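Q: To start, I am sharing the structure in question, which I have written as structure tokens.
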Amino acid sequence: MIKQMVRCDYCEEEFEIFPLEKQHKKGVVETYFVCPHCNHHYTSFVTDEKIRTMQQRAKRMFESLGVIGTTRSIDEYDATWKELKVFREEIRNRIRTLKEEVINEGEMESDGSKESK
Ligand SMILES: [Zn+2]
């Protein structure tokens, strides 16, 4: 695994990202990391059951693209590719919405952990 150093937006110290997973309710899984200096919680991404199913489907669609001229005509290939692009965009939007939800929820949970200032 590659070491990934980042600078914390809050305390400006550098640290190495160590991704952790948290299970939320309704099958929501959050991947996050924490700044070891100020304990700021960074949410990387969030998936739920539906998103994971959609990601599986996108993967299958990608694999089914086949090869132009042999298994697929160019038109057919283009159509699948366009469909896949739209579908991936849908997944991204869903992840974004879910991430916002989880972050907002986390802020409500945190009981005065913003003691740095
Ligand atoms: Zn920090």
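The values are calculated or read from the model by the stated rules, or taken from the named source; none is laboratory data. A quick note: this is a predicted structure, and the numbers were derived from the prediction, not measured. Cβ placement follows ideal geometry from the backbone for every residue including glycine, while neighbour counts extend to all protein chains displayed.
Q: Going by what's in this entry, would Glu100 be described as loosely packed, with under 15 Cβ neighbours inside 10 Å, more than 16 Å from the ligand (Cβ to nearest atom) and within 19 Å of the chain's Cα centre (by Cα)?
A: The answer is yes for Glu100.
Q: Kindly provide the set of residues from region 1-15 that are assigned to a strand (DSSP E or B) and either in contact with a Phe, Trp or Tyr (Cβ under 9 Å, 6 or more places away or on another chain) or at pLDDT below 95 (or both), ordered by number.
A: Correct list: Met5, Val6, Arg7, Phe15.
Q: Applying the selection to region 20-40, what residues are within 16 Å of the ligand (Cβ to nearest atom) and among the hydrophobic types (A, V, I, L, M, F, W, C)?
A: Once the filter is applied, which keeps residues that are within 16 Å of the ligand (Cβ to nearest atom) and among the hydrophobic types (A, V, I, L, M, F, W, C), region 20-40 yields Leu20, Phe33, Val34, Cys35, Cys38.
Q: Let me ask something else. Give region 20-40 a look and list any residue that's in a loop (DSSP other than H, G, I, E, B) and over 15 Å from the mean Cα position of the chain (by Cα), or say none.
A: Selection gives Cys35, Pro36, His37, Cys38, Asn39, His40.
Q: From the list Ala79, Ala58, which residue is farther than 30 Å from Glu13 by Cβ and modelled with pLDDT of 95 or more?
A: Ala58
Q: Just checking, which of Thr70, Thr53, Thr43 is within 17 Å of the chain's Cα centre (by Cα) and either of a type in the set (Phe, Trp, Tyr) or more than 16 Å from the ligand (Cβ to nearest atom) (or both)? Write out each step before concluding.
A: Numbers: Thr70 fails: within 17 Å of the chain's Cα centre (by Cα); Thr43 fails: either of a type in the set (Phe, Trp, Tyr) or more than 16 Å from the ligand (Cβ to nearest atom) (or both).
One residue alone meets the criteria, Thr53.
Q: Checking Ile51 against (1) of a type in the set (A, V, I, L, M, F, W, C); (2) farther than 22 Å from Glu89 by Cα; (3) in a helix (DSSP H, G or I), which single condition isn't satisfied?
A: All conditions are met except number (2).
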